[in-house]
Amino acid sequence: MTTVLTAVSHHHETAVVAAVGDAPGLTLVRRCADLAELLSAGAAGVARVAVVSADLRGLDRDALRHLAGHGVRVAGFVDPADEEGERRLRQLGVATLLHPGDAPSAVGAALAGLAEATTSQPLPVAAPPVDVGPDAPRVRTPVTVVWGPTGAPGRSTVAVTLAAGLAGSGVRTLLVDLDTWGASVAQLLGMADEAPGVAAAARASEQGTLDVPGLARLAPEALPGLRVLTGLPRADRWPELRAAAVEDLLRLARAVAEHVVVDVGFALEDDEELSYDTAAPRRNAATLTALEAADHLVAVGAADPVSLQRLVRGVQEVAVRPAPRPLVVVNKVRAEVAGPRPERAIREVLGRFAGLEEVRMLPWAPDDCDAAVLAGRSLTEVRPRSPLTVAVAGLAAELDPRCAQALGSTRHGRRRRVRV
């Protein structure tokens, strides 16, 4: 027998109970009065399937993720004439829908099949493929996450310059700021930090109303070919970025651009949840979810001894996470902190203590970075021929073959900025 929970509004209560009660192979174990009772019953493991209605108060993507985490598969109950309710359930990820008047055998087969499935969530919808060239195979839009340990190694500077370099090479790029500890992309690019950005996108995703056009509207162009989804204006708003919403946001981001660059926070711990007896928001959920969704990971550390030690430990911690193998980048390389031959010394240290044989170096360019911050523009616009800009362009070419084809182009230095 397949055990079933129901949590529907009073409009559908009678119809749902009748449908489940008459269906063969189903046992209705609890009729939940609201979402809180449903989540509690799901966590207790009393049933394998839940039937919810589109108008259930508080139903959102995070609630469905919570149920899925406890092995409860979710089906929706909606009137055929309620197109808006059906659309909302499908956007939330509810793939199995029941309707008033469905035959008992059909209801029983649908819920029994759902209980046997590995997940109630549909597979992510693939974003439109992107051509690398006229005769090249079609590939999925890549997501590159830029991460680094604590200590301001230059994560955001690398992320912004990388995204601007991709856009300057003709690759339509979306830059997403998911740093829940100190978002700074908006300030670096001279954009208003009061813009809706990721907070609005996450809210829309939780309610099942976020789609590709809506995400594009929330990410204006900061320069030709580069859209930016700005971060949280205040760090204390981190509970707004929940894992389910971030996962959905990044899935849709693949359809907005040809390459997605994500700037994330330094912390990788997920032990906030251990402080609660029930499910609660996790501050680092955005970072961990982005790492899991990434196709490429750029790990940025600074060249001084303290930062290198943090980089070594950070790379070791990332290695046990569900994330791509990191492409290690050492930023702010200079003789003053690493000796007369800093590149060689850094490679020897990282090779000996971390087993890192392939390390990319970015030169120390404080004057160029200061000029870019003062102007509120990217390095590719302010200092297109800076050694740091050129080095990051080489990094972009490693990550995206379309950028490699345009590596010698200087057109990004001639583009005019579009103010937002």
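The values are calculated or read from the model by the stated rules, or taken from the named source; none is laboratory data. Every value quoted in this text rests on a predicted model; they were computed, and no experiment measured them. As a convention, Cβ positions derive from the backbone with ideal geometry for all residues, glycine included, and neighbour counts pool all protein chains shown.
Listing for the model above:
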quantity: Test: A23 is of a type outside the set (K, R) and either closer than 22 Å to A103 by Cα or surrounded by 15 or more Cβ atoms within 10 Å (Cβ to Cβ) (or both); calculated: yes
quantity: Boolean, A243 is in contact with a Leu (Cβ under 8 Å, 6 or more places away or on another chain), modelled with pLDDT under 95 and closer than 27 Å to V315 by Cα; calculated: yes
quantity: Yes/no for P153 being surrounded by fewer than 24 Cβ atoms within 10 Å (Cβ to Cβ) and not acidic (D, E); calculated: no
quantity: Matching residues, region 296-319, being out of contact with any strand residue (DSSP E or B) (no Cβ under 7 Å at 6 or more places or on another chain) and among the hydrophobic types (A, V, I, L, M, F, W, C); calculated: V306, V312, A319
quantity: Test: residue in region 323-338 that is modelled with pLDDT under 90, out of contact with any Cys (no Cβ under 8 Å at 6 or more places or on another chain) and surrounded by fewer than 18 Cβ atoms within 10 Å (Cβ to Cβ); calculated: no
quantity: Failed item, numbered, when V4 is tested on (1) crowded, with 23+ Cβ neighbours inside 10 Å; (2) part of a loop (DSSP other than H, G, I, E, B); (3) in contact (Cβ under 8 Å) with a residue 60 or more places away in the chain; calculated: (2)
quantity: Cβ pairs under 6 Å, 6+ apart, first in region 395-411 and at pLDDT below 70, second of a type outside the set (A, V, I, L, M); calculated: A406/S169; A406/G170
quantity: Hits in region 200-220 (condition: surrounded by fewer than 19 Cβ atoms within 10 Å (Cβ to Cβ) and within 30 Å of S53 (Cα to Cα)); calculated: A200, R203, Q207, T209, D211, V212, P213, G214, A216, R217
quantity: Which numbered condition E358 misses (of (1) buried (at least 20 other Cβ atoms within 10 Å of the Cβ); (2) without any contact (Cβ under 8 Å) to a residue 60 or more places away in the chain); calculated: (1)
quantity: Test: residue in region 92-111 that is without any contact (Cβ under 8 Å) to a residue 24 or more places away in the chain, more than 24 Å from A244 (Cα to Cα) and surrounded by 16 or more Cβ atoms within 10 Å (Cβ to Cβ); calculated: yes
quantity: Matching residues in region 281-307 - criterion: being more than 17 Å from P322 (Cα to Cα), among the hydrophobic types (A, V, I, L, M, F, W, C) and surrounded by fewer than 22 Cβ atoms within 10 Å (Cβ to Cβ); calculated: V306
quantity: L98 touching a strand residue (DSSP E or B) at 6+ places or on another chain (Cβ under 8 Å) and more than 23 Å from S40 (Cα to Cα); calculated: yes
